[in-house]
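Enquirer: This is the structure, below, for whatever I ask next.
The values are calculated or read from the model by the stated rules, or taken from the named source; none is laboratory data. It should be emphasised that the depicted structure is a prediction, and the values quoted were computed from it without experimental measurement. Cβ coordinates were reconstructed from backbone atoms using ideal geometry, including for glycine residues, and neighbour counts include every protein chain displayed.
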């Protein structure tokens, strides 16, 4: 188990390095000088300033040297400086990462609560009105793009009714709509997944055996059915949490949520390469770690799985 | 699964890019309300901006950054919305006969908000700080005329030799070349005085919470991507502001305009821009309530023809293009009537030099004349004409309209190519560029020189060894007669005589069709005139925070 974790963490290093290398190569061979433009009208930047900035960011070095420098700093936790404000990328992304994590955790909690309870309910009362409407609503939720849902909710609950603040602050209120927007599709998918695995498990021989030997219904449900049917759901949630961290771009844009999704899209538009590489590096690392956590959870949930 | 993850991002990026193109434009015409009201003090004014590059005067540059800097600092002179220059801390100015030595008297006894005196030394300190090589300031070039600028930029000297303080309230500036408009340049925030605590330009503490001498001061520090809060500076040395507080929310640039508008609708903001598609609805709703502001500001929109190469080398070819474009149709069809046609090189906001209808071909589209001129210039049907523009800023629609009109009238093939801004700029700069480009220009300070010199003077082409244009005259317009007029204007001390020469120079460039005017830069805003009085749009297209009062 311990060796397994160490090996997986070793993999993490390789994956993160690989990701930064690919990104670095892609971004830095793109046309257009990242420090060559100035905000505002069509003015060209002063050549002397461009030269100075090139020197400051080491942009005149060969790509391989730039990458070496980057990795050298990366292992010390330094993600470099951004091109527009000359601020450390880690300082820029730190609070944003915390914000996105807050949003993603809220969304995943909603996914679990809504998804699993709806799925379980639907499976237990198969073909009832509950089941049919759950299937209908979850299918609809998956079909509606989150950008549409987010904008409609913003229009109705913020602008018309004034229940929530337009500009996100630290209050719980401002978290509600973005979290719902971010969670809705995954919650629906989790519900459908939970329903189908539940149904599968309900028909399994060991459940019939458990019922036949006279175990109370509650025990069968919690010890045998739920525990076994939740494994695929956990796999899905683990992966989707990693996705939430990076995939919150739309939600963060609509609700002006100051997170890394927003940082990424803005950095792409500004050719702000250090921020792009920084966001991707962090996301990849988080993703790999979460995958590890999911794998460890399997072992805890299913004694048949041995990690070695 | 990493693959799926990044695919999600790409999809997200596309959606956002599509959404972003819808915003971004701007446009048109009514008028500011609010007369000189009773003007009570107090109140909190709320608005949204996008994250500035800097709020420290050493690198404050775009409208958003200048909004903050301009309210934290007060310099020698200030620009007015209609292109005039009025004194701020300067009590007098004097220029030597050769135009190379300026002497400013500074109002005595004013202070920074930390109690330090605002004297000549404070100005010298601020100006030297900007010019240091390590500062890598994007706006240091405004000080390039001061003697010793080059040495400091090259790291050979710590301070500019041209700056001195004969006494505490006298600032003497020696220039390396005559400039009778130097005082106009000091309206830019880069010429702000700074206190001793500012340190050098890379002082992060000061960058995020500048201590200044303006009508407002910072409350706390700049919360990056979140907010900036200003409060009234009760120790201000000139006319004090009336507002207690200004709360600036920092919005994301992809959705900022929409959020501003929604914020205004929801009562969260007192000042807002609007997404282009919403303009007619917003005008219908807010114009009647006196909350609609529109103003032709100090910017212009042009087509930039490459004049030294390719199909538009002949001025008649350029005139043919201009006659072929039906500006009225585009303004009505694409901009929903919210833009105004331009017929000059200089913006109407420069009231004292504005020569309406200087561009004959801009007044009304004339296909017959266009065909005739194209024939004379050898711009024959079938010729391919490049038309470059930057994507993601809402230009796609009108560019397509121009393409269709020009193709239909002249029978040429217009190759419209959209690229990100940085690439478009590189295209315009590269040796051998041809055709025409979307182009816009805004003034840093209110003088015609700030358009005519960078855009059209031969010296502003500035080709490097590879033939790349490094100056802002990317149309490569070069006319010795024009250069001579401009030089003469720059060497004329009296404003009236100078303006007259600028007008002559503009006419010459217009006759050569050195730029093809399209529409003025018309800016539209919503302002909460129910709660506040005296709200106007200033020279930087920002609200005049220092003058706004409660109703």
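Okay, residues lined up against (1) farther than 19 Å from residue B:98 by Cβ; (2) touching a helix residue (DSSP H, G or I) at 6+ places or on another chain (Cβ under 8 Å); (3) within 14 Å of chain A (Cβ to nearest Cβ); (4) in a loop (DSSP other than H, G, I, E, B):
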position	(1), (2), (3), (4)
B:138	yes, yes, yes, yes
B:142	yes, yes, yes, no
B:155	yes, yes, yes, yes
B:158	yes, yes, no, yes
B:161	no, yes, no, yes
B:165	yes, yes, no, no
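Enquirer: Which of the helices (runs of 4 or more DSSP H) found entirely inside the stretch A:87-162 contain at least 1 residues meeting this: over 19 Å from the mean Cα position of the chain (by Cα) and within 21 Å of residue B:251 (Cα to Cα)?
Expert: A:89-110, A:146-153
Enquirer: Something else about it: List every residue pair whose Cβ atoms sit under 8 Å apart, with the two residues 6 or more apart in sequence or on different chains, where the first one lies in the stretch A:49-60 and is at positive phi and the second, anywhere, is assigned to a helix (DSSP H, G or I).
Expert: A:58/A:65; A:58/A:66; A:58/A:69
Enquirer: For the stretch B:93-106, which positions are buried (at least 18 other Cβ atoms within 10 Å of the Cβ) and part of a loop (DSSP other than H, G, I, E, B)?
Expert: Within the stretch B:93-106, B:99, B:100 qualify.
Enquirer: Condition check: more than 22 Å from residue B:188 (Cα to Cα), in contact with a helix residue (DSSP H, G or I) (Cβ under 7 Å, 6 or more places away or on another chain) and not in a loop (DSSP other than H, G, I, E, B). Does residue B:439 satisfy that?
Expert: no
Enquirer: Picking from B:34, B:30, which residue would you name as being more than 30 Å from residue B:496 (Cβ to Cβ), surrounded by fewer than 17 Cβ atoms within 10 Å (Cβ to Cβ), touching a strand residue (DSSP E or B) at 6+ places or on another chain (Cβ under 8 Å) and at pLDDT below 50? Full working, then the answer.
Expert: On the way: B:34 fails: surrounded by fewer than 17 Cβ atoms within 10 Å (Cβ to Cβ).
The unique qualifying residue is B:30.
Enquirer: Name the strands (runs of 3 or more DSSP E) wholly inside the stretch B:187-278 in which the number of residues that are more than 30 Å from residue A:88 (Cα to Cα) is 1 or more.
Expert: Ranges flagged: B:227-232, B:245-251.
Enquirer: Grab the helices (runs of 4 or more DSSP H) fully contained in the stretch A:176-278, keeping just those with 3 or more residues being in contact with a helix residue (DSSP H, G or I) (Cβ under 8 Å, 6 or more places away or on another chain), within 12 Å of chain B (Cβ to nearest Cβ) and at negative phi.
Expert: A:227-247, A:249-254, A:260-269
Enquirer: Still on this model: From (1) assigned to a loop (DSSP other than H, G, I, E, B); (2) surrounded by fewer than 23 Cβ atoms within 10 Å (Cβ to Cβ); (3) within 12 Å of another protein chain (Cβ to nearest Cβ), pick out the condition that doesn't hold for residue B:432.
Expert: For residue B:432, the failing item is (3).
Enquirer: Kindly evaluate residue A:90 against the criterion of being under 13 Å from residue A:282 (Cβ atoms) and surrounded by fewer than 19 Cβ atoms within 10 Å (Cβ to Cβ).
Expert: When the stated conditions are applied, residue A:90 passes them.
Enquirer: Also, I was wondering about something else. Across the stretch B:67-92, which residue is farthest from residue B:143 (Cα to Cα) among those that are surrounded by fewer than 21 Cβ atoms within 10 Å (Cβ to Cβ) and out of contact with any strand residue (DSSP E or B) (no Cβ under 7 Å at 6 or more places or on another chain)?
Expert: Checked the stretch B:67-92; the qualifying residue farthest from residue B:143 (Cα to Cα) is B:82.
Enquirer: Being surrounded by fewer than 23 Cβ atoms within 10 Å (Cβ to Cβ) and in contact (Cβ under 8 Å) with a residue 24 or more places away in the chain is the filter; apply it to the stretch B:442-456 and report the residue that is nearest to residue B:520 (Cα to Cα).
Expert: Across the stretch B:442-456, the extreme among qualifying residues is B:442.
Enquirer: Would you say residue A:23 is assigned to a helix (DSSP H, G or I) and more than 14 Å from chain B (Cβ to nearest Cβ)? Even if it seems obvious, please write down each step before you answer.
Expert: Numbers: assigned to a helix (DSSP H, G or I): yes; more than 14 Å from chain B (Cβ to nearest Cβ): no.
It is false that residue A:23 is assigned to a helix (DSSP H, G or I) and more than 14 Å from chain B (Cβ to nearest Cβ).
Enquirer: Can you tell me which residue is nearest to the other protein chains (Cβ to nearest Cβ) among those in the stretch B:406-421 that are out of contact with any helix residue (DSSP H, G or I) (no Cβ under 6 Å at 6 or more places or on another chain) and crowded, with 21+ Cβ neighbours inside 10 Å?
Expert: Checked the stretch B:406-421; the qualifying residue nearest to the other protein chains (Cβ to nearest Cβ) is B:421.
Enquirer: Which ones in the stretch B:93-132 are over 27 Å from residue B:232 (Cα atoms) and touching a strand residue (DSSP E or B) at 6+ places or on another chain (Cβ under 6 Å)?
Expert: B:93, B:94, B:95, B:100, B:101, B:102, B:103, B:104
Enquirer: While we're here: I'd like to check something: does the stretch A:98-111 contain any residue that is farther than 23 Å from residue A:234 by Cβ and surrounded by fewer than 16 Cβ atoms within 10 Å (Cβ to Cβ)?
Expert: Yes: the stretch A:98-111 contains one or more residues that are farther than 23 Å from residue A:234 by Cβ and surrounded by fewer than 16 Cβ atoms within 10 Å (Cβ to Cβ).
Enquirer: Of the conditions (1) within 14 Å of chain A (Cβ to nearest Cβ); (2) in a loop (DSSP other than H, G, I, E, B); (3) within 28 Å of residue B:532 (Cα to Cα), residue B:74 clears all except one; give me its number.
Expert: Here residue B:74 meets the rest and fails (1).
Enquirer: Of the conditions (1) farther than 18 Å from residue B:386 by Cα; (2) in contact with a strand residue (DSSP E or B) (Cβ under 8 Å, 6 or more places away or on another chain), residue B:422 clears all except one; give me its number.
Expert: (1)
Enquirer: Among the residues of the stretch B:47-58 satisfying the criterion of being in a loop (DSSP other than H, G, I, E, B) and within 9 Å of another protein chain (Cβ to nearest Cβ), which is farthest from residue A:45 (Cα to Cα)? Quick ask: steps written out before the conclusion?
Expert: So in the stretch B:47-58, the residues in a loop (DSSP other than H, G, I, E, B) come out as B:51-58.
Among the residues that remain, those that are also within 9 Å of another protein chain (Cβ to nearest Cβ) are: B:51-54.
Values: B:51: 19, B:52: 17, B:53: 14, B:54: 16 Å.
This residue is B:51.
Enquirer: Report yes if residue B:329 is in contact (Cβ under 8 Å) with a residue 40 or more places away in the chain and either crowded, with 22+ Cβ neighbours inside 10 Å or touching a strand residue (DSSP E or B) at 6+ places or on another chain (Cβ under 9 Å) (or both), otherwise no.
Expert: The answer is no for residue B:329.
Enquirer: Which of the residues spanning the stretch B:283-314 are over 30 Å from residue B:436 (Cα atoms) and in contact with a helix residue (DSSP H, G or I) (Cβ under 7 Å, 6 or more places away or on another chain)?
Expert: B:292
Enquirer: Next question. So residue A:109 ticks every box in (1) away from chain B (no Cβ under 13 Å); (2) at positive phi but one. Which box is left unticked?
Expert: Here residue A:109 clears every test but (2).
Enquirer: Given the criterion more than 23 Å from residue B:274 (Cα to Cα) and in contact (Cβ under 8 Å) with a residue 40 or more places away in the chain, identify the matching residue among B:392, B:388.
Expert: B:388
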